[in-house]
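To keep things clear, I will list the structure first and then write my remarks on it.
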Amino acid sequence: MKRELAVFTFFLALSILFTWPLVLHLDTAAADRGDPLLTAWIIDWVCHALTHSPFDLYSGPIFHPGHYPIAYSENLIGIAIVMLPFHLAGLSALTVQNLAILIGYAFSAFGAYVLARLITRWTTDAAKGKRSVFANAARSSITCTPKPASCAALAR
């Protein structure tokens, strides 16, 4: 158990390193004004709906007069469930989404580690699983210069 916790902590540190300086600007950093703001809003809406009216989960206040607009795009329910404690702690939608990115990279690398360890039975070979996950992080636009986001930007 201690080894797995240490490995996950290592992968979390790597996700912070590969997305630097995102961790310094969790509440204002967005790669662009498109998908990051949309996913931040979707995660925020799903967290809100899960805690206030779970039967109206797909009836988000967007694309009026369409019915069940959350079904038109990715619903991110699985991510929202993991991020629900951060939402309940009062963090902003963009902060929760940026934390989801960091935790997502760490869990992806940890999953690769566990799979490789089950297959090879060697911890050193399993640690090489980080290559596939963090190679994508190094090429992605997550490491961009943080841009301020506001409610007006979310509404666009």
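What follows is calculated from the coordinates using simple rules that are stated; it is not laboratory data. Not measured: the values here are computed from a predicted model. Methodologically, a virtual Cβ is constructed for each residue, glycine included, from the backbone with ideal geometry; neighbour enumeration extends over all protein chains shown.
Spatially, the stretch 29-46 and the stretch 62-96 are offset by 9 Å when compared through their Cα centroids.
Among the chymotrypsin sites (Phe, Trp or Tyr not before Pro) within the stretch 1-71, those in coil by DSSP and having at most 14 neighbouring Cβ atoms inside 10 Å are 63.
Suppose the chain between residue 63 and residue 84 were pulled fully straight at 0.36 nm per residue; how much longer would it get relative to their current alpha carbon spacing? Provide the component values of the computation, followed by the final result.
Details: separation 21, 0.36 × 21 = 7.56 nm, distance 2.43 nm.
Difference between extended and current length: 5.1 nm.
Once the chain from residue 56 to residue 115 is taken as fully extended at 0.36 nm per residue, the excess over their C-alpha distance is 17.6 nm.
Work out, in µm²/s and without decimals, the Stokes-Einstein translational diffusion coefficient of the stretch 1-59 at 4 °C, 1.567 mPa s, Rh from Kirkwood over C-alpha pairs. D, rounded to a whole number, is 92 µm²/s. For the stretch 1-109, the set of trypsin sites (Lys or Arg not before Pro) satisfying both a DSSP loop assignment and a count of at most 15 other C-beta atoms within 10 Å is given as 33.
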